[in-house]
Each structure stands twice: as C-alpha cells, then as structure tokens.
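Report on the structure given below.
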Amino acid sequence: MNLLHLLQLADSALPIGAAAHSYGLETLASDGVLTAANLEDFLTAWLEEAGAQEGFFLRRAYRGNVRQLNEELTARKPAAESREASLKLGRRFAQLVNSIANTRIEPDLHHSIAFGSAAAALGIDEDAAVLAYLQQSVAGLVSACQRLMPLGQVAASRIVWNLKPAIEQAAASKELSCFTLLLEIASMRHPLLETRLFIS
C-alpha cells in the first residue's frame with residue numbers, strides 16, 4: 001500500500017499547480033541559454049545542486065522540527081519567485097494530503113519538506129520518497145520545457161530516462177551545497193519578460 005501512496009503523491013500531475021511553474025527556466029529559454037540540445041546537461045547540473053538540496057531537506061523532514069527546516073530552506077532560496085512557488089506548492093500539497101489521507105502535515109512548508117513530512121507520517125521508506133520526489137521534479141521541469149522549446153514527447157521521455165543515474169546520485173547526497181546562480185538570476189528576471197507562460 002505504501003508504494004501506491006507514494007506513486008500518487010509523486011505524480012507530477014498531482015493537482016497542486018506545479019505545471020504553472022518553470023522556476024526560471026522560461027527566462028533561460030527566452031534568452032536562448034537553455035535549449036532542447038543542452039537540456040539534459042542542464043538538468044544533470046540542476047540535480048547535483050538544487051536537486052540534492054531538496055532531497056537533503058526532504059530527508060531531514062523525517063526527523064521533525066519542520067519549522068526550523070523551513071526557515072533554513074527559505075534563506076537558501078534567494079529568488080522570491082522560486083521561493084514563493086516552493087511554498088505555494090508545499091501549502092497546496094499539505095492541504096491535499098491532509099484532506100485525502102487524514103494526516104496533519106503543517107501548512108506553509110516548502111514542497112520538499114511537506115513531501116518528507118507526509119511520507120514520514122504515512123510510513124513511506126525515506127530513500128524511496130527522495131527518489132520519487134526528485135523524479136517528479138525532473139519530470140515537471142521537462143514538461144515545462146516542452147512548452148518552451150521544440151521538445152517532442154519521445155525526446156522528453158528519453159531525457160527523463162537518461163537522468164536516472166543523476167537522480168540516484170542527488171538522492172544519495174549527504175552534504176548541503178547548492179550554487180545555482182544562473183537559475184536564481186533567471187528566476188529574478190522572470191517578471192520582466194514581455195510575455196510569460198509560467199508564474200515563476
């Protein structure tokens with residue numbers, strides 16, 4: 001049963017609004033910095049930095065003290081749009097899980113921390129939860145890129161498939177080190193785009 005719960009919670013189509021956010025990728029695509037040709041390499045680097053950081057906080061959520069964790073992760077997200085997107089998704093995720101699973105996940109948590117809290121409350125294996133969270137994060141970013149650039153379904157699926165080793169490596173990271181300056185600046189510049197498909 002735990003596997004089925006995890007598959008539902010980690011579905012990138014979960015109705016929490018994730019499809020409305022690109023986390024700065026829209027700016028990079030608009031600038032021509034991010035293309036279908038370099039997307040896999042970009043997401044590999046994203047997993048090494050931001051993905052590993054999200055996985056690290058998800059794991060720590062299993063041990064409680066989520067309020068302090070939330071403050072720390074907030075401080076590590078300098079771009080307001082990405083920070084607010086993470087909090088918005090976390091809030092919606094917690095509300096959804098509380099309503100369908102009768103849990104008491106705290107509101108106003110970052111998405112990864114809320115996911116870790118829910119997984120812990122439901123008795124889902126920690127390693128499996130981190131892998132599933134990172135898998136759905138990558139799937140969501142690739143889906144956003146399909147709307148931003150010429151990237152077909154087969155090519156998109158191939159990228160997600162090829163990123164499995166990078167997902168495993170990010171999930172296994174025990175160190176907290178994240179430097180994504182290009183993406184943070186792109187996220188900060190996102191409101192200045194003339195036309196936008198995404199909120200962030």
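The values are calculated or read from the model by the stated rules, or taken from the named source; none is laboratory data. Keep in mind that this is a model prediction, so the values were computed, not measured. Here the Cβ positions follow ideal geometry from the backbone for every residue, glycine too, while neighbour counts run over all protein chains shown. Calculation scope for accessible area: heavy atoms of the full protein, side chains included, ligands and nucleic acids excluded. Shrake-Rupley method; radii C 1.70, N 1.55, O 1.52, S 1.80 Å.
Conditions (1) touching a Lys or Arg at 6+ places or on another chain (Cβ under 7 Å); (2) among the hydrophobic types (A, V, I, L, M, F, W, C); (3) farther than 25 Å from residue 68 by Cβ, marked per residue:
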{"site": "120", "(1), (2), (3)": "no, yes, no"}
{"site": "142", "(1), (2), (3)": "no, yes, yes"}
{"site": "148", "(1), (2), (3)": "no, yes, yes"}
{"site": "157", "(1), (2), (3)": "no, no, yes"}
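Which residue is farthest from residue 74 (Cα to Cα), if the candidates are limited to region 98-117 and must be touching a residue at least 24 places away in the same chain (Cβ under 8 Å), open to solvent by 10 Å² or more (accessible area, probe 1.4 Å) and not in a helix (DSSP H, G or I)?
106
Working only within region 118-135, note down all residues that are open to solvent by 20 Å² or more (accessible area, probe 1.4 Å) and in contact with an Asp or Glu (Cβ under 8 Å, 6 or more places away or on another chain).
Within region 118-135, 120, 131 meet the criteria.
Could you please give the count of residues in region 6-44 that are open to solvent by 50 Å² or more (accessible area, probe 1.4 Å) and either among the hydrophobic types (A, V, I, L, M, F, W, C) or closer than 18 Å to residue 137 by Cβ (or both)?
Adding up the residues that qualify gives 12.
So which residues in region 136-155 are open to solvent by 10 Å² or more (accessible area, probe 1.4 Å) and touching a residue at least 24 places away in the same chain (Cβ under 8 Å), if there are any at all?
136, 137, 139, 140, 141, 143, 147, 148, 149, 150, 151, 155
Please enumerate the residues belonging to region 87-113 that are among the charged types (D, E, K, R) and at positive phi.
108
Output yes when any residue across region 152-172 is hydroxyl-bearing (Ser, Thr, Tyr) and in contact with a Phe, Trp or Tyr (Cβ under 6 Å, 6 or more places away or on another chain), and no when none is.
No, region 152-172 has no match at all.
Check residue 158 against each of (1) open to solvent by 80 Å² or more (accessible area, probe 1.4 Å); (2) in contact with a helix residue (DSSP H, G or I) (Cβ under 7 Å, 6 or more places away or on another chain) and name the one condition it does not meet.
Going through the list (1) open to solvent by 80 Å² or more (accessible area, probe 1.4 Å); (2) in contact with a helix residue (DSSP H, G or I) (Cβ under 7 Å, 6 or more places away or on another chain), residue 158 breaks only (2).
Among the residues of region 15-25, is any over 13 Å from the mean Cα position of the chain (by Cα) and closer than 22 Å to residue 119 by Cβ?
There is at least one residue in region 15-25 that is over 13 Å from the mean Cα position of the chain (by Cα) and closer than 22 Å to residue 119 by Cβ.
Condition test on residue 56, is it closer than 20 Å to residue 23 by Cβ and either among the charged types (D, E, K, R) or over 12 Å from the mean Cα position of the chain (by Cα) (or both)?
yes
Taking the options 170, 166, 186, 132, name whichever one is in contact with a helix residue (DSSP H, G or I) (Cβ under 6 Å, 6 or more places away or on another chain), in contact (Cβ under 8 Å) with a residue 40 or more places away in the chain and more than 30 Å from residue 95 (Cβ to Cβ).
166
Select from region 45-55 the residues that are open to solvent by 20 Å² or more (accessible area, probe 1.4 Å) and of a type in the set (D, E, K, R) and list them in ascending order.
Once the filter is applied, which keeps residues that are open to solvent by 20 Å² or more (accessible area, probe 1.4 Å) and of a type in the set (D, E, K, R), region 45-55 yields 48, 49.
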